[in-house]
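Quick notes on the structure that follows.
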Amino acid sequence: MSRYDYDLFCIGGGSGGVRASRVSAGFGAKVAVAEERYFGGTCVNVGCIPKKLFSYAAHVREDFHDAAGFGWSGPEPTFHWPTLLANKDKEIARLNGIYESLLSKAGATILKARATILDPHSVECGGKTYSTKHVLVATGSWPTVPEIPGRELAITSNEAFFLPELPESIIVVGGGYIAVEFASIFNGLGVKTTLLYRGKRVLRGFDADLGTRLAEEMTKKGVIVRLESDIAALEKKPGGALAVKFRDGRQGETSAVMFATGRKPNTHYMGLEAAGVELAEDGAINVDDYLQSSVHSIHALGDVTNRVNLTPVATAEGMALAKTLFRGQPTLMDYDNIPTAIFAIPNVATVGLSEETAVARGHAVEIYKTSFRALKHTLSGSEEKTFMKLVVDGPTQRVLGAHMMGADAGETIQGIAIALKCGATKAQFDSTIGIHPTAAEEFVTMREKFTQ
Ligand code: NDP
């Protein structure tokens, strides 16, 4: 009989925490999970899932526009935001239930309260103290808003999922995943949308072609993209509109402002420092290759470690940790070739190295790229362009990176990611038969090396 109440006490019921807990319980560990807010965490409640549902809604407007070229006509469609919100909430409630039942079916104890670490082997939750062999911190992250006057007047992605009504106009600040996704959503739903980014090109850190081309496509679709610009202050005007002061001194007015300016790890007031857990400057928990913090019994994974902040990475880390702790199988994560998609309109997806990173790492690269109007749009009349790019290591001919902007880019790149994981060469891409007529077949038919 263990001298602890639990083998694993997990703080946080998001994707990573639930996976680690469920699998650990499956391996025979006695597990408790504490969650103070909602099961499923950011991804299920205020992230990936509702965001993608909203993105589908925004796409539907384009589908109506595209329909005429295929012979369809009808009255001008109208959009009802409360219907979308209610249907989204219903689906999220269903998923919350699934997450909870996955845990209870696995035999984990569910505690719906905030938990605080008291020492390396004890946790307080809901007024009770529990002893535990291992603690897992999987508390995720929270949106950050720059310290400017009037910041409380703005929203973040958290509030965007519950707006009582759609604003007439919005300025979305930022140039990362959340900013381009939400600017596309608001624009698609008929809100006059400005994307405001302080840098020269959105999607910094991704292959440069993606950021440049996405901004072009979003502009074609009606988003006002303003680069090298930032907000200095906000003020509420009589009547409810927001007066906006920009850093360059210009003034403007908008119905709403959304900051999508990054997220911060949730590590406050949890007893981490007192227990001796080392935090990074940004508040993230420093962990080693086995997800162990500076305290032997305390582990962390997912966004709270602020490394690769993606749901599938957190769930993979959860799996790895469960195997390490409770299956006698120390498991390392492999962070290479993680595919990712940005659900802007059009979608963007990528796996492997950008051209810039490959060059910076000393590869003599060969570049293959293509940009074309997808077959559908020859009739729809849409001017949307699809873009694909391969970054190849010249001497070995290994494909280092694959990048795409276009319809369902994530669906295509997921398959390509397997090829990259297997170390595929350009010749192997070329010898793969394409599926005709698809956009994806371009990935196996690009023959011409790109030269400046
Ligand atoms: P990102 O870190 O991706 O982007 C933040 C953006 O805000 C950057 O463009 C940054 O500019 C800008 N910014 C930061 N601080 C300021 C400031 N003070 N003033 C003005 N601009 C600022 O964060 P997100 O919030 O978009 O997303 C957080 C993370 O969540 C992502 O990195 C991703 O890991 C994950 N995510 C994944 C999604 C997916 O898989 N589809 C969807 C949504 C989120 P600069 O580039 O100059 O630093």
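The values are calculated or read from the model by the stated rules, or taken from the named source; none is laboratory data. Predicted, not measured: the structure shown is a model, and the values here were computed from it. Neighbour counts run over all protein chains shown; Cβ positions are idealised from the backbone, glycine included. Each accessible area value is taken on the protein alone, full model and side chains, heavy atoms only, with ligands, DNA and RNA left out. Shrake-Rupley method; radii C 1.70, N 1.55, O 1.52, S 1.80 Å.
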Calculate, in nm to one decimal, what Leu102 and Arg250 gain on full extension: separation in residues at 0.36 nm each, minus their alpha carbon distance.
48.0 nm
Taking K and R as +1 and D and E as -1, what net charge do the other residues with C-beta under 13 Å from the C-beta of Pro167 add up to?
-3
Given an 8 Å cut-off on Cα distances and at least 6 residues of separation, report the relative contact order of segment 168-321 as a percent.
18 percent
What angle do you read, to the nearest 10 degrees and between 0 and 90, between the alpha-carbon axis of helix 409-421 and the longest principal axis of the chain?
60 degrees
What residues have an amide H closer than 5 Å to that of Asp408, excluding those fewer than 5 places away on the same chain, when H is modeled at 1.01 Å from N in the peptide plane?
Asn347
Sorted by packing (mean other beta-carbon atoms within 10 Å per residue), highest first, where do 168-176, 287-295, 321-329 land?
168-176, 321-329, 287-295
Suppose R0 equals 30 Å. What FRET efficiency, 1/(1 + (r/R0)^6) with r the Cβ-Cβ distance, do Asp430 and Arg307 give to the nearest 0.05?
0.30
Among Ala316, Tyr290, Ile342, the residue whose Cα sits farthest towards the positive end of the charge dipole of segment 244-344 (+1 at Cβ of Lys and Arg, -1 at Cβ of Asp and Glu, taken about the Cα centre) is Ile342
Thr42: net charge of surrounding residues, Cβ under 13 Å, Lys/Arg +1, Asp/Glu -1, itself excluded?
+2
Show the residues, 5+ positions off or on another chain, whose built amide H is closer than 5 Å to the amide H of Lys30.
Asp7, Leu8
With n ≥ 4 as the cut-off for DSSP H runs, can you work out [θ] at 222 nm for the chain, using -39500 (n - 2.57) per run divided by the number of residues, rounded to the nearest 500?
-9500 deg cm²/dmol
If you take the alpha carbon radius of gyration of segment 268-390 and divide it by 2.2 N^0.38 Å, what ratio comes out, to two decimals?
1.50
Quick one: net charge of Gln414's neighbours, Cβ under 14 Å, K/R +1, D/E -1?
-1
Per-residue counts of other Cβ atoms within 10 Å, averaged by peptide: what ranking do you get for 306-315, 194-203, highest first?
194-203, 306-315
Taking every eigenvalue of the Cα gyration tensor of segment 346-419, multiplying by 5 and rooting it, what semi-axes result, largest first, whole Å?
26, 12, 9
Where GluC sites (Glu not before Pro) fall in DSSP loop in segment 346-452, at most 12 other Cβ within 10 Å
Glu383, Glu448
Out of residues 5 or more away from Met258 or on other chains, whose amide H comes under 5 Å of its own, with H placed 1.01 Å from N in the peptide plane?
Ile155, Ile171, Val172, Val173
With axes computed from alpha carbons, what is the tilt in degrees of helix 311-326 against the longest principal axis of the chain, rounded to the nearest 10 within 0 to 90?
30 degrees
State to the nearest 20 debye the size of the charge dipole of segment 103-207 about its Cα centre, where the only charges are +1 on K and R beta carbons and -1 on D and E beta carbons.
300 debye
Using unit Cβ charges (K, R positive; D, E negative) and no other charged atoms, how large, in debye to the nearest 20, is the dipole of the chain about its Cα centre?
340 debye
Can you list which of the trypsin sites (Lys or Arg not before Pro) found in segment 353-383 are DSSP loop residues with at most 16 other C-beta atoms within 10 Å?
Arg361, Arg373
If you average the sequence gap of Cα pairs under 8 Å that are 6 or more apart and divide by the length of the chain, what percent do you get for the contact order?
16 percent
Starting at the first residue of segment 117-130, write each ³J(HN,Hα) from the Karplus equation 6.51 cos²θ - 1.76 cosθ + 1.60 with θ = phi - 60°, in whole Hz, x for Gly and Pro.
7, 9, 7, x, 10, 9, 10, 9, 8, x, x, 10, 10, 10
Tell me, what is the percent relative contact order of segment 5-103, built from C-alpha pairs under 8 Å that lie six or more residues apart?
29 percent
Longest principal axis of the chain (C-alpha) makes with the long axis of helix 177-188 (C-alpha) an angle, in degrees to the nearest 10, of 50 degrees
Share of Cα-Cα pairs in the chain beyond 43 Å, in percent?
19 percent
Heavy-atom surface of segment 85-204, accessible at 1.4 Å and reported per residue (Å²)
45 Å²
Just to confirm my numbers, what's the Cα centroid distance between segment 29-50 and segment 216-277 in Å?
26 Å
